[in-house]
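Novice: First, the structure itself, so that you have it in front of you.
The values are calculated or read from the model by the stated rules, or taken from the named source; none is laboratory data. Since the structure is predicted, the reported quantities are computational estimates derived from the model, not experimental observations. Neighbour counts run over all protein chains shown; Cβ positions are idealised from the backbone, glycine included. Accessible surface is based on the protein model in full, side chains and every heavy atom, while ligands, DNA and RNA are left aside. Shrake-Rupley method; radii C 1.70, N 1.55, O 1.52, S 1.80 Å.
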Amino acid sequence: MSNTLLYLSHEDVRACAVAPCEAREAVLGAFRDHAAGRNHSLPKTALSLGPGHAFQAMTAASQAQAIATVKWVASAPAAPGSAVPSVSALICVSDYATGAPLAILDGDEITLVRTAAMSAAAASLLAPTAPRTIGFIGCGLQAYAHLAAFHDLYPGLASALLLSRSRSSAERMAEAAAAQGLTTEIVDDADALLARSDLIISMVPAAPGLRPFLDARRMKPASFAAAVDTGRSWLPEALPAFDLLVTDSLAQSQAPYDVDGLPVTTARFGRDLVALSHAPLADAGTKRSLFCFRGFALADLALAHLVLEKARAAGIGTSLPR
């Protein structure tokens, strides 16, 4: 048994510089391994205390990567202008064979990269092959991660449409997109954004009094949406307008979620990335598709493994006595 643990702080994880293509391929590999029975996970367990206030545990083990992980996530509403993040996470890594603890990783950066990588992995299987316009609904940290992930996957992207409750957030996001060579436009009409975008990323945080406002019927016939917000911003009655409703794992989720965090009754997922990573649909890019997910523990494991490998190779991190 090792007498030390490797600790990777937020800055350590960032210093490992995981490229978007590396993250996307790691996530797809985790889904393919799951389809082949080489890894295992439990559905996310959550202790919900109120809107946007919860504690969650995500557990996974991979024979292929020879590790097991648990991610502990805490979320709580943040006051406007607060320096305290609304979501915080840690990842504990153990040896698959012996169970010995190996490392503790700050989970915030990994969650950012993993979430965008999952959206991009889904898009690679579902979205139109040559999208030109991406629409961002919400311009927080996840928007920047998704910009990096989708610009890497689709270097031909030409424009970004931005919709945010905060004009200043939209302006900062516009600057980031422009720095990547995209033309940008800040909009205040959700229907117009949906009608003009080939790719749509909804990232609306949970908040008291939130009402769904995104109408899937306004989207192009061939388009892709990733509901990072688990579906809370989408009108439940319009969800049947999607030709394909896909989640990360049908064992974890059966339907998108409404503003109260409950599964909607108007639509159900028909497929998951576990199956699609093994057997993609030939005509998926010609349809209107939604990818909606709560977070897949095996994707966190895949990113934690990738970060650990990079940290060990570069000598990054702090060795702690047990």
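Novice: Checking the condition at pLDDT 90 or above, open to solvent by less than 50 Å² (accessible area, probe 1.4 Å), more than 17 Å from the chain's Cα centre (by Cα) and not aromatic (Phe, Trp, Tyr), which residue from Thr98, Thr69 passes?
Specialist: It is Thr69.
Novice: Let me ask another. Taking the conditions exactly as written (part of a helix (DSSP H, G or I), of a type outside the set (A, V, I, L, M) and touching a residue at least 24 places away in the same chain (Cβ under 8 Å)), does Gly295 satisfy them or not?
Specialist: No: the conditions fail for Gly295.
Novice: How many of the residues in the stretch 45-66 are among the hydroxyl-bearing types (Ser, Thr, Tyr) and buried (at least 21 other Cβ atoms within 10 Å of the Cβ)?
Specialist: 1
Novice: Kindly list the number of the only condition in (1) outside any loop (DSSP other than H, G, I, E, B); (2) open to solvent by less than 30 Å² (accessible area, probe 1.4 Å); (3) more than 30 Å from Ala103 (Cβ to Cβ); (4) among the aliphatic types (A, V, I, L, M) that fails for Ala267.
Specialist: Checking Ala267 against (1) outside any loop (DSSP other than H, G, I, E, B); (2) open to solvent by less than 30 Å² (accessible area, probe 1.4 Å); (3) more than 30 Å from Ala103 (Cβ to Cβ); (4) among the aliphatic types (A, V, I, L, M), the one that fails is (1).
Novice: Still on this structure, please answer the following. Does the stretch 28-44 contain at least one residue that is in contact with a Gly (Cβ under 9 Å, 6 or more places away or on another chain), surrounded by fewer than 18 Cβ atoms within 10 Å (Cβ to Cβ) and not in a loop (DSSP other than H, G, I, E, B)?
Specialist: no
Novice: Could you check the stretch 118-147 and list, in sequence order, the residues that are under 13 Å from the mean Cα position of the chain (by Cα), open to solvent by less than 40 Å² (accessible area, probe 1.4 Å), aliphatic (A, V, I, L, M) and under 21 Å from Ala178 (Cα atoms)?
Specialist: Selection gives Ala120, Ala143, Ala145, Leu147.
Novice: I'd like the residue in the stretch 72-91 that is at pLDDT below 90 and in contact with a strand residue (DSSP E or B) (Cβ under 8 Å, 6 or more places away or on another chain) and, out of all such residues, is most open to solvent (accessible area, probe 1.4 Å).
Specialist: Among those residues, the one meeting the criterion is Pro77.
Novice: Taking the conditions exactly as written (acidic (Asp, Glu) and open to solvent by 50 Å² or more (accessible area, probe 1.4 Å)), does Asp258 satisfy them or not?
Specialist: No; evaluated as a whole, the condition is false for this residue.
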